[in-house]
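Worksheet: the structure to be examined is printed underneath.
Just so it is clear, none of the values below were taken in a lab; they were calculated from the coordinates. Note that the coordinates shown come from a computational prediction; the quantities given were computed from them, not determined experimentally. All Cβ positions, even for glycine, are placed from backbone atoms using ideal geometry, and neighbour counts span all protein chains on display.
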Amino acid sequence: MNKEIIDKEPTIFEKSTCNIWTDPYIQQQLLNEHLNPMSDGASRKQESILRITDFVLSHSKPKSRLLDLGCGPGLYATLFKDKGYEVTGVDFNKASIYYATTERKDIRYILGDYVNEYPNGKYDTVIMIYCDLGTHSDNDRDKLLKNIYQSLDEGGIFIFDVFTEELVKDKSESKSWDYAVGGFWDKEEYLLLSQTFHYPENNAFAYQYNLLTKSETKHFIVWDRYYSGEEIKLVLKTIGFRKVTVHKNILDGNDFTSNSEMFIVAEK
Ligand SMILES: C[S@@+](CC[C@H](N)C(=O)[O-])C[C@H]1O[C@@H](n2cnc3c(N)ncnc32)[C@H](O)[C@@H]1O
């Protein structure tokens with residue numbers, strides 16, 4: 001079992017050996033967070049989910065084919081299905097997809113990695129909610145955006161959110177440690193060493209975690225890439241999207257992370 005603590009600053013968009021969304025124990029904790037309607041932890045709180053759903057409904061073709069990338073336990077998928085959409089959801093968190101498929105048999109759920117195994121089919125609307133695009137490297141982002149573009153019919157839209165440059169007001173370089181006898185990160189005693197690194201030249205933050213349990217040390221890196229409105233427009237136009245609009249101040253606030261997000265509607 002690995003016992004090494006990694007203390008060095010990650011290289012830009014470095015991938016860690018462990019992933020919070022697929023870790024066997026943590027994915028279950030994340031599912032619990034998703035299902036708490038008052039929490040902004042893994043999904044936004046219910047009030048914000050309803051507002052985002054209305055925003056998507058106001059931009060998309062009614063009762064059409066919708067793909068939800070990183071659907072989690074299907075909180076949005078269910079709302080769109082109930083509005084008459086033909087919904088596909090994809091996520092690589094097994095606990096979330098198991099929950100989602102058990103809850104709703106009338107929604108097509110796929111357990112998979114949308115960057116490396118993009119789902120087949122054509123869609124009118126693709127959504128990716130809770131700043132998930134910004135967790136990927138610029139290379140993975142572009143690979144994913146090309147697949148999204150290909151999967152949309154002419155006139156189809158991609159709706160997603162990313163953090164703006166205002167993120168730098170809410171995050172800063174830091175180091176901390178937490179000790180617990182069972183909790184979010186492990187069911188038994190653990191020590192969590194957390195570090196935040198800022199990469200101003202890349203508009204990104206890295207959150208590095210060393211999770212020390214009695215038996216092993218797990219290493220996680222989570223990325224947040226932030227954008228200006230102009231930069232994200234350029235990224236999407238380079239892929240081929242012909243019309244891109246930026247929407248701010250849709251949500252009231254966030255109890256877990258920054259609320260500096262902007263929503264983007266990109267039309268093919
Ligand atoms: C912040 S959560 C948001 C979930 C959902 N969109 C919501 O707002 O309720 C990000 C989700 O994306 C999923 N995810 C991240 N990267 C993924 C990938 N490469 N392939 C599939 N799912 C991924 C995670 O498992 C997680 O469920």
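Give the lysines reachable from residue 61 as a straight Cα distance under 23 Å; neighbours fewer than 8 places away on the same chain don't count.
81, 83, 122, 146, 233, 237, 243, 248, 268
To test your reading of the geometry: what angle, between 0 and 90 degrees and rounded to tens, separates the Cα axis of helix 94-103 from the longest principal axis of the chain?
That works out to roughly 40 degrees.
Express the Stokes-Einstein translational diffusion coefficient of segment 9-167 in µm² s⁻¹, to the nearest whole number, given a Kirkwood radius over alpha-carbon pairs, 4 °C and a viscosity of 1.567 mPa s.
80
Taking only Cα atoms and a 10 Å spring cutoff, compute GNM fluctuations for the chain and point out the largest among 197, 256, 163.
With Cα springs under 10 Å in the chain, the top fluctuation among 197, 256, 163 is at 256.
Apply the Karplus curve 6.51 cos²θ - 1.76 cosθ + 1.60, θ = phi - 60°, to the phi angles in segment 197-206 and return the couplings in whole Hz, x for Gly and Pro.
Rounded to whole hertz, the list is 10, 10, 10, x, 6, 10, 6, 8, 10, 10.
Per DSSP H run of n ≥ 4, the term is -39500 (n - 2.57); total these for the chain, divide by its residue number, and report the mean residue ellipticity at 222 nm rounded to 500 deg cm²/dmol. Kindly include the intermediate steps, with their values, before the conclusion.
Numbers: 7 runs with 70 residues, N = 268.
Taken over the chain, the calculation gives -7500 deg cm²/dmol.
Helix 138-151 sits at what angle to the longest principal axis of the chain, using alpha carbons and giving 0 to 90 degrees rounded to 10?
Roughly 30 degrees, rounded to the nearest 10.
What's the percent breakdown of Cα-Cα distances in segment 91-215 across 10 Å bins, shortest bin first?
Pairs per bin, as whole percents: 10, 27, 32, 24, 6, 0.
Can you tell me the dipole magnitude for the chain around its Cα centre, using point charges on the Cβ only (Lys, Arg +1; Asp, Glu -1), in Debye to the nearest 20?
The dipole of the chain has a size of about 860 debye.
In whole Å, largest first, what are the principal axis extents of the Cα atoms in the chain?
Here the Cα extents, ordered largest to smallest, are 53, 43, 34 Å.
Please find, in a Gaussian network model of the chain (springs between Cα atoms separated by less than 10 Å), the residue of 179, 149, 98 whose mean-square fluctuation is greatest.
179
Against the longest principal axis of the chain, how steep is helix 46-59, in degrees 0 to 90 to the nearest 10, with axes from Cα atoms?
For 46-59 against the chain, the angle is about 30 degrees.
Could you give me the ³J(HN,Hα) list for segment 240-248, computed from phi with Karplus coefficients 6.51, -1.76, 1.60 and θ = phi - 60°, whole Hz, x at Gly and Pro?
In residue order, the calculated couplings are x, 4, 8, 9, 10, 10, 10, 10, 10 Hz.
So, counting K/R as plus one and D/E as minus one, what does the shell of residues with Cβ under 9 Å around residue 195 add up to? The partial results should precede the final answer.
Working: positive: 175; negative: 7, 9, 173.
Charge balance near residue 195 sits at -2.
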